[in-house]
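Laboratory data are not the source of any read-out in this text; all were calculated from the coordinates shown. No experiment lies behind these values; they were computed from the predicted model shown. With ideal geometry, Cβ positions are generated from the backbone for all residues, glycine too; neighbour counts draw on all protein chains shown.
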Amino acid sequence: MNIRHLEAFDNADLAEIYSFPSVTENTSQLPFLSANSVTSLFSNSDHYTLVIENNAKVVGHLTLFLSPKARHKHCAGLAIAVHPEHHGKGIATKLMHEAINQADNWLNLVRLELQVHADNTAAIALYQRMGFQLEGTKRLAAFKAGKYIDMLMMSRIRPDYETV
C-alpha cells in the first residue's frame with residue numbers, strides 16, 4: 001500500500017468510493033454523488049488530501065481542510081473515507097498516522113478537528129486511538145436514515161502544545 005497526495009487522475013476512484021451509500025451515510029453528503037460533485041469536494045487549494053493505493057487503485061482518502069484565515073492557520077478540519085471492500089483492513093489507521101505526521105511535522109498544525117455521527121462507533125474508536133478527545137455533542141445535528149442524530153465534535157491537540 002502506498003500513501004501519496006491526491007492527483008487529478010484519482011477522481012474516478014474517489015467517485016467510486018463515494019458511490020456507496022454505506023460510505024456517504026457517515027458523511028454530510030447525500031447518497032449517489034456525481035463524479036463532478038466528488039471532484040469539487042476535494043479540489044480546493046486549501047485542502048490537503050492524502051490517498052492510499054492498493055494495486056494502483058485508490059481505496060481511501062483523508063483530507064485536511066486548511067483554513068485561509070490568518071488566526072486559524074494552526075487548525076484543520078478532517079474528513080476520511082475508505083472503500084467498503086477495504087473496511088477493517090487498517091486503511092483508515094494508516095491514513096490517520098500519516099495525516100498526523102504531516103500535520104505535526106510539515107504543515108505546522110496544532111489542532112485537528114472533526115465531527116462524527118454519534119452512532120459511528122468504529123470511527124469514534126479510531127479517532128480516540130489517534131489521540132482525539134470529545135469536545136461536545138451537537139444534538140440532532142444531522143439527518144440520517146429518516147431521523148435526526150447527534151454529531152460528536154472531537155479534536156486532537158499536538159502533544160507539545162497540550163500544556164500551553
Where does the charge balance sit around Glu53 when Lys and Arg score +1, Asp and Glu -1, over other residues with C-beta under 9 Å from its C-beta? 0
Would you compute, from DSSP H runs of 4+ residues alone, the mean residue ellipticity of the chain at 222 nm, taking -39500 (n - 2.57) per run and dividing by the full residue count, rounded to the nearest 500? -7500 deg cm²/dmol
Could you list the chymotrypsin sites (Phe, Trp or Tyr not before Pro) in region 59-164 that lie in coil according to DSSP, counting only those with at most 11 other Cβ atoms within 10 Å of their Cβ? Trp106
Going through region 69-111, which trypsin sites (Lys or Arg not before Pro) have at most 15 other Cβ atoms within 10 Å and a DSSP loop state? Lys69, Lys73, Lys89
In region 1-78, which GluC sites (Glu not before Pro) fall in coil by DSSP and have 12 or fewer other Cβ atoms within 10 Å? Glu7
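Which whole-number percent gives the relative contact order of the chain, counting Cα pairs below 8 Å spaced six or more residues apart?
18 percent
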Rounded, prolate or oblate: which fits region 2-161 when a ≥ b ≥ c are the square roots of the eigenvalues of the alpha-carbon gyration tensor, with rounded for a/c under 1.5 and prolate only if a/b beats b/c? rounded
Lys57: which lysines have alpha carbons under 23 Å from its alpha carbon, excluding same-chain residues fewer than 8 sequence positions away? Lys89, Lys94
